[in-house]
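Worksheet: one structure, shown below.
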Amino acid sequence: MHTFFLILHNWMRWVVILLGLWAWFSAFTQFMGDKKYLPVHRRSGLLFMISCDLQLLIGIILYIVGGWLSRWSEMSQTMQQASARFFTVEHETLMIIAWILVHVGWSRVKKAQSDQQKLARSLVFFGIALLLIIIAIPWPFREVARPWLRT
Ligand code: HEM
């Protein structure tokens, strides 16, 4: 079961990033152009948010079945090992902050008074969230490295 969710979580990262880039760049091009908030912006933002929700859910499952939860009881040892610290604390903290930003952003976009304000809020909230997600991923070139695509 662990392997299945690990592969899913690994592949799903690409879906999250692609949808995030779509949401951000479609807002960016309109912000620089006609400044109209179009159905494509609503659709891409919504899909980005849903993909983050799914990834969070899979992440929580992995956190439990992968035994990371029990690492909290041996915190001093956990904090000394880069990989244990990363997956017990750093990865999820940053990803949960990103997830909150996407949700707060989505509701602020809906409440915005003008199209320009909607686009600006999409750019700020989705942009910062996407940046945090990219920073918190265990890319193959990092100290705590995981494969580009797990099979
Ligand atoms: C958009 C959000 C997230 C992205 C893009 C993401 C991405 C990733 C990636 C690429 C890996 C490496 C997978 C592999 O080893 O092949 C990973 C591992 C992991 N993620 Fe996430 N993650 C996200 C959110 C979360 C959250 C919110 C949690 C927990 C609450 C979480 C828990 C974990 C755990 C525990 C592992 C390590 C699994 C293991 O090796 O046992 N992730 N994540």
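The values are calculated or read from the model by the stated rules, or taken from the named source; none is laboratory data. This structure is a prediction, so every number in the text was calculated from the model and none was measured. Cβ atoms come from the backbone with ideal geometry, glycine included; neighbour counts cover every protein chain shown.
Residues checked against (1) under 19 Å from Asp53 (Cα atoms); (2) of a type in the set (Ser, Thr, Tyr); (3) in contact with a Phe, Trp or Tyr (Cβ under 7 Å, 6 or more places away or on another chain):
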| position | (1), (2), (3) |
| --- | --- |
| Phe86 | no, no, no |
| His91 | yes, no, no |
| Met95 | yes, no, no |
| Val104 | yes, no, yes |
| Val109 | yes, no, no |
| Ala112 | no, no, no |
| Ile135 | yes, no, no |
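Scan region 83-104 and tell me whether some residue there is in contact with a helix residue (DSSP H, G or I) (Cβ under 6 Å, 6 or more places away or on another chain), under 19 Å from Trp22 (Cβ atoms), of a type in the set (Lys, Arg) and assigned to a helix (DSSP H, G or I). No; the residues of region 83-104 include none that is in contact with a helix residue (DSSP H, G or I) (Cβ under 6 Å, 6 or more places away or on another chain), under 19 Å from Trp22 (Cβ atoms), of a type in the set (Lys, Arg) and assigned to a helix (DSSP H, G or I). Can we say Arg13 is basic (Lys, Arg) and away from the ligand (no atom under 11 Å from the Cβ)? No, not satisfied.
Results for (1) buried (at least 19 other Cβ atoms within 10 Å of the Cβ); (2) under 24 Å from Arg146 (Cβ atoms); (3) more than 13 Å from the chain's Cα centre (by Cα); (4) at pLDDT 95 or above, shown as yes or no for each residue.
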site: Trp14; (1), (2), (3), (4): no, yes, no, yes
site: Leu21; (1), (2), (3), (4): no, yes, no, yes
site: Phe25; (1), (2), (3), (4): no, no, yes, yes
site: Thr29; (1), (2), (3), (4): no, no, yes, yes
site: Met32; (1), (2), (3), (4): no, no, yes, yes
site: Arg42; (1), (2), (3), (4): no, no, yes, yes
site: Phe48; (1), (2), (3), (4): yes, yes, no, yes
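Scanning region 65-82 for residues that are within 13 Å of the ligand (Cβ to nearest atom), part of a helix (DSSP H, G or I) and loosely packed, with under 13 Cβ neighbours inside 10 Å yields a count of 3. Once region 91-145 is narrowed to residues that are of a type in the set (Ser, Thr, Tyr) and surrounded by fewer than 19 Cβ atoms within 10 Å (Cβ to Cβ), the residue that is farthest from the ligand (Cβ to nearest atom) is Ser114.
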